[in-house]
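The values are calculated or read from the model by the stated rules, or taken from the named source; none is laboratory data. All values reported here derive from a predicted model rather than from experimental measurement. Neighbour counts are summed over all protein chains in view; Cβ atoms, including those assigned to glycine, are modelled from backbone coordinates with ideal geometry. The area values use the complete protein model at the heavy-atom level, side chains included, leaving out ligands, DNA and RNA. Shrake-Rupley method; radii C 1.70, N 1.55, O 1.52, S 1.80 Å.
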Amino acid sequence: MPTETTPSTAPRPLKLAAAVVAAEGLVLAVLGIVEAITIDRDRLVLGLTTAGFLLLYGAGLLFVARGLYRTSPWSRGPAVFAQLIQLFMAYSFWGGSTRFVSVILAVAAVAVLAAVFQKPSMDALNREPGDEDHPVL
């Protein structure tokens, strides 16, 4: 097993997608930490479950971003699924004072989807399982 790190062979659109997904994961993790810190005694169970969900979802997105950066074929499905959920979230935030949040969510989701479905990204993620030069983990 090699001890030195090798640069990513991911094409530029896939690196962009990995960066955006990683940013989404970090934001969710920070929101989870903030939720955990500001839990009110009157809603303890709701606060704990919300904080736990946000932390786990953020960690999952960070893991998916790592997979995209390393061109792991398994990472495309979870990345696309998370962005589709995010598009529905953007739709639910549309209107009133949350319109800005809606636009940010939608732009990020569309950017990731466009980057993941570009031909260089698809080619990098469609390799055969035996073609890997490095382990996923």
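Once the Cα atoms are used to define both axes, helix 99-116 deviates from the longest principal axis of the chain by about 20 degrees. For the stretch 16-137, the average shadow cast by the Cα convex hull is 8.7 nm², which is a quarter of the hull's surface. Model label points for Leu48 and Phe63, set 7 angstrom from Cα along the Cα-to-Cβ axis, are 2.3 nm apart.
Where does helix 44-69 land angle-wise versus the long Cα axis of the chain, in degrees 0 to 90, nearest 10? Orientation of helix 44-69: about 20 degrees from the principal axis. Computing FRET efficiency as 1/(1 + (r/R0)^6) for Met89 and Ala36, where r is the C-beta to C-beta distance and R0 is 30 Å, gives about 0.90.
A simple charge model with +1 on the Cβ of Lys and Arg, -1 on the Cβ of Asp and Glu and nothing else charged puts the dipole of the chain at about 320 debye relative to its Cα centre. Every helix of 4 or more DSSP H residues in the chain counts as -39500 (n - 2.57), and over all residues that averages to -23500 deg cm²/dmol at 222 nm. The label-point distance for Val101 and Met122, in a model that sets each label 7 Å from Cα toward Cβ, rounds to 3.5 nm. Across the chain, C-alpha contacts under 8 Å between residues 6 or more apart give a mean separation that, scaled by the residue count, equals a relative contact order of 30 percent. A 1.4 Å probe run over the stretch 17-74, with the rest of the protein chains in place, finds 57 Å² accessible per residue. When a 1.4 Å probe is rolled over the protein heavy atoms, the share of accessible surface on the chain that falls to carbon and sulfur comes to 71 percent.
Positive end of the dipole of the chain (Cβ unit charges, origin at the Cα centre): among Val21, Thr71, Ala114, the Cα lying farthest that way belongs to Ala114.
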